[in-house]
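This report concerns only the one structure given below.
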Amino acid sequence: MRAGSLDRTIEITRTTTAPNPEEPWVPGEPTTSTIATVRAQLMQQSTEEFMRTFGESQEIAVAFRIRYRDDVVLTDQIVYAGTTYDLLEIKEIGRRIGLELRAKAVS
């Protein structure tokens with residue numbers, strides 16, 4: 001993976017829920033924190049229209065390549081160019097060389 005191809009910057013964020021100390025049976029407020037800000041290569045960006053039972057919908061799908069990290073999980077989100085994306089798939093490239101992250105825009 002060449003450094004010159006990593007021409008975008010993305011944030012990997014994670015939402016957690018802290019326990020409520022006064023009422024442990026009630027979940028606390030969810031908080032979103034940035035896990036990492038990394039350089040990435042935008043592999044694919046497409047807008048797909050689907051016909052569904054409730055009508056037409058539009059989804060924006062993206063694929064990024066980043067250097068290998070072992071702390072990225074499917075529940076994380078990506079923030080790129082002001083848009084938040086939910087991770088759909090994480091593929092390892094080579095043996096710990098990089099990751100390919102496939103995601104769709106949060107509507």
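Details
- Number of positions in segment 40-68 that are outside any strand (DSSP E or B) and modelled with pLDDT of 70 or more: 1
- Residue, surrounded by the fewest Cβ atoms within 10 Å (Cβ to Cβ), within segment 86-106, restricted to residues that are outside any strand (DSSP E or B) and free of Cβ contacts under 8 Å to residues at least 12 places away in the same chain: 95
- Filtering segment 25-39 to residues that are modelled with pLDDT of 95 or more and not hydroxyl-bearing (Ser, Thr, Tyr) leaves 35, 36, 38, 39.
- Filter pass, residue 105 being over 11 Å from the mean Cα position of the chain (by Cα), of a type in the set (A, V, I, L, M) and at pLDDT below 95: no
The values are calculated or read from the model by the stated rules, or taken from the named source; none is laboratory data. None of these values were measured; they are calculated from a predicted model. A quick note on method: Cβ atoms are made from the backbone with ideal geometry, for glycine too, and the neighbour counts reach across all protein chains shown.
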